[in-house]
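Everything on this sheet refers to the single structure shown next.
The values are calculated or read from the model by the stated rules, or taken from the named source; none is laboratory data. Values in this document were obtained by computation on a predicted structure and should not be read as measured data. Cβ sites come from the backbone with ideal geometry, for glycine too, and all protein chains shown count toward neighbours. Each accessible area value is taken on the protein alone, full model and side chains, heavy atoms only, with ligands, DNA and RNA left out. Shrake-Rupley method; radii C 1.70, N 1.55, O 1.52, S 1.80 Å.
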Amino acid sequence: MNIRIFFALIIMSSALNSEENFGIVVHGGAGVMSGLSEESQQEIHKKIQETVSQAYSILEEGGSSIDAVELAVSILEDSPLFNAGRGSVYTSDEIQEMDASIMEGDNRLAGAVASVTTIKNPIKLARKVAEETKHILLVGDGAERFAREIGVEIVDREYFYHKERLERVLNSKNKISKLNNESDKIGTVGAVALDRNGNIAAATSTGGMTNKMPGRVGDSPIIGSGTWAQNGVCGVSSTGHGEYFIKYQVAREVCARIEYLNQTLENSAASIINELKELDASGGLIAIDHEGNIASPFNTKGMIRGSQTNKTNLKSDIY
Ligand code: ASP
């Protein structure tokens, strides 16, 4: 075969491949999950599958990965089942302070908000920070003021109210504050997606950790820790003991090991989550690479997760 035709075929097949592969993975947090009744498990499966399927439709119709992850995370923020948006956990001041971030692998567009208390969907505000400001992270009053200025939906604090989570913070305040109480870490939400154009996006949203100090910010709004997206390599959303995920820059590290060490997505993601376990840092992550392969390792008893790609069917798991 003529050498030019041979190379043209290779280039065409790799272009076709990146156009063909697309998919989405979502998570609803990692933790012990021991108290989950059969009924709550069914409810969780239903919500995760509904989320994956709506976000997948965007990708299937040729939509962008950033639209898919924003939609997925906002659906989960609207559900009181998860520790993000409605249903977020409480600080020691009994207030729900929320953090979120979003990133797109093309041009590394990134935006985040932290310690917001009246934004209905923190992930939508994070995207506005990315697209409509010169900054990446806005916090507290400044973030809320920006939301009012651009018309992002604001709600009363009561909208986020969650009876059991408030009781949990009241109970845990009677004990010594334990940031690494496993059972308190269920429910952060995240999504990663690859679209038909090869763009990777990732998004994460959380209420943080029960009984956290007012003003405490975890890994979820930190680009490189809770969220990372890099075209041609991978996208990651983390969940777990945020302080460790910041110190070890977990989301970026997954992609860095692929980029520099030539590891597969699965090896890179699994080895980092194992290394965290050795440090006593619990959690997990979801990731997708530029070929649409997915990984969702965790070192806790469970991690709520679901996915669908052009190569794999819609599914959800908890344990
Ligand atoms: N990573 C989140 C935080 O530390 C909590 C979680 O994922 O459960 O704020």
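Scanning region 103-135 for residues that are closer than 25 Å to CYS255 by Cβ, within 17 Å of the chain's Cα centre (by Cα) and not in a helix (DSSP H, G or I) yields MET103, GLU104, GLY105, ARG108, LEU109, ALA110, GLY111, ALA112, VAL113, ALA114. Checking the stated criteria, VAL250 turns out to be within 14 Å of the ligand (Cβ to nearest atom) and open to solvent by less than 40 Å² (accessible area, probe 1.4 Å). Apart from one condition, ALA55 fits all of (1) small (Gly, Ala, Ser); (2) more than 22 Å from LYS120 (Cβ to Cβ); (3) assigned to a helix (DSSP H, G or I); the exception is (2). Regarding region 189-203, can at least one residue be identified that is within 16 Å of the ligand (Cβ to nearest atom) and polar (S, T, N, Q)? Checked against the condition, which is being within 16 Å of the ligand (Cβ to nearest atom) and polar (S, T, N, Q), region 189-203 yields no hits at all.
Conditions tested, residue by residue: (1) open to solvent by 20 Å² or more (accessible area, probe 1.4 Å); (2) away from the ligand (no atom under 16 Å from the Cβ); (3) touching a helix residue (DSSP H, G or I) at 6+ places or on another chain (Cβ under 6 Å).
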| site | (1), (2), (3) |
| --- | --- |
| SER101 | no, no, yes |
| LEU109 | yes, yes, yes |
| LYS120 | yes, yes, no |
| ASP141 | yes, yes, no |
| VAL155 | yes, yes, no |
| TYR161 | yes, yes, no |
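Residues are listed down the side, and each one gets a yes or a no for (1) more than 10 Å from the ligand (Cβ to nearest atom); (2) touching a Lys or Arg at 6+ places or on another chain (Cβ under 6 Å); (3) open to solvent by less than 10 Å² (accessible area, probe 1.4 Å):
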site	(1), (2), (3)
VAL217	no, no, no
THR227	yes, no, yes
HIS241	no, no, no
PHE245	no, no, yes
ILE258	yes, no, no
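Report whether or not ASN231 is farther than 29 Å from ASP93 by Cβ, touching a residue at least 12 places away in the same chain (Cβ under 8 Å) and surrounded by fewer than 24 Cβ atoms within 10 Å (Cβ to Cβ).
Details: farther than 29 Å from ASP93 by Cβ: yes; touching a residue at least 12 places away in the same chain (Cβ under 8 Å): yes; surrounded by fewer than 24 Cβ atoms within 10 Å (Cβ to Cβ): yes.
The answer is yes for ASN231.
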